[in-house]
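Trainee: Next up is a structure, given as structure tokens.
The values are calculated or read from the model by the stated rules, or taken from the named source; none is laboratory data. Predicted model only: the values in this text are computed from it and were never measured. Every residue, glycine as well, gets a Cβ built from its backbone with ideal geometry; the counts of neighbours run over all protein chains shown. To get the accessible areas, we keep the full protein, side chains included, count just its heavy atoms, and leave off ligands, DNA and RNA. Shrake-Rupley method; radii C 1.70, N 1.55, O 1.52, S 1.80 Å.
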Amino acid sequence: MQHHHLLSLNDLPPDGRRLTVDDASLWTANLREFHMDCRVEHPLKVELQILPVEDGYLVRGELTGGVIVPCNRCAEDVHIALDSRFEEFEDVPDGEDEADEQPGDSHILLDKGVPMLDLAALCWEEFVLALPMNPLCHEDCKGLCPQCGANLNTTACHCTRDEGDPRLAVLRGLSLQKDWTEKK
Ligand SMILES: [Zn+2]
Ligand SMILES: [Zn+2]
């Protein structure tokens, strides 16, 4: 637990507090730990606004930055510009009844009764949510040839020419058609 990523909410002014989270290690440590193929290209930054409300806190934020991830079809670099806004209600866990606690629901934990906002967990979660589910180098990326592995965006291999021939496709029968549908 990195305690400098915990923000005490005890001395929060009634009109809330703004802060910027831009400690690169917060993200790079998790990227390494989870073996994610994702490189930070432009520094990641989260602008946060934390407001005390009844029974908890309202956390608003904006995540910006840029990362490079592999294309889902051809594995070439995809440059992703991140700019996402979020708003979350953060519950204060009930310290007296630990059986009721559901870890992961809230980014607030109690440290000797003091509510602390786990900035690292919050910012990491927002970062993961902001990443595209299906990153592509471009929408009509042709991907890799399933037979020889050539990048079909830049190479025309012999196997793809075969596949493009309707007479040969007929000879290959239904299994080929099934392959194509599954890839769509
Ligand atoms: Zn691609
Ligand atoms: Zn090929």
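Trainee: Would you mention how many residues in the range 139-158 are touching a residue at least 12 places away in the same chain (Cβ under 8 Å) and either within 15 Å of I80 (Cβ to Cβ) or more than 14 Å from ligand 1 (Cβ to nearest atom) (or both)?
Mentor: 4
Trainee: Follow-up. Consider V92 carefully, then state whether it is in contact (Cβ under 8 Å) with a residue 24 or more places away in the chain, out of contact with any Lys or Arg (no Cβ under 9 Å at 6 or more places or on another chain) and open to solvent by 20 Å² or more (accessible area, probe 1.4 Å).
Mentor: Considered against the rule, which asks whether it is in contact (Cβ under 8 Å) with a residue 24 or more places away in the chain, out of contact with any Lys or Arg (no Cβ under 9 Å at 6 or more places or on another chain) and open to solvent by 20 Å² or more (accessible area, probe 1.4 Å), V92 comes out as yes.
Trainee: Given the conditions (1) basic (K, R); (2) within 16 Å of ligand 1 (Cβ to nearest atom); (3) closer than 17 Å to D118 by Cβ, report the number of the one that R60 does not fulfil.
Mentor: In the conditions (1) basic (K, R); (2) within 16 Å of ligand 1 (Cβ to nearest atom); (3) closer than 17 Å to D118 by Cβ, R60 misses (2) alone.
Trainee: Hey, R73 hits all of (1) within 30 Å of N153 (Cα to Cα); (2) more than 16 Å from ligand 1 (Cβ to nearest atom); (3) touching a Gly at 6+ places or on another chain (Cβ under 6 Å) but one; which does it fall short on?
Mentor: Looking at each condition in turn, R73 falls short on (2).
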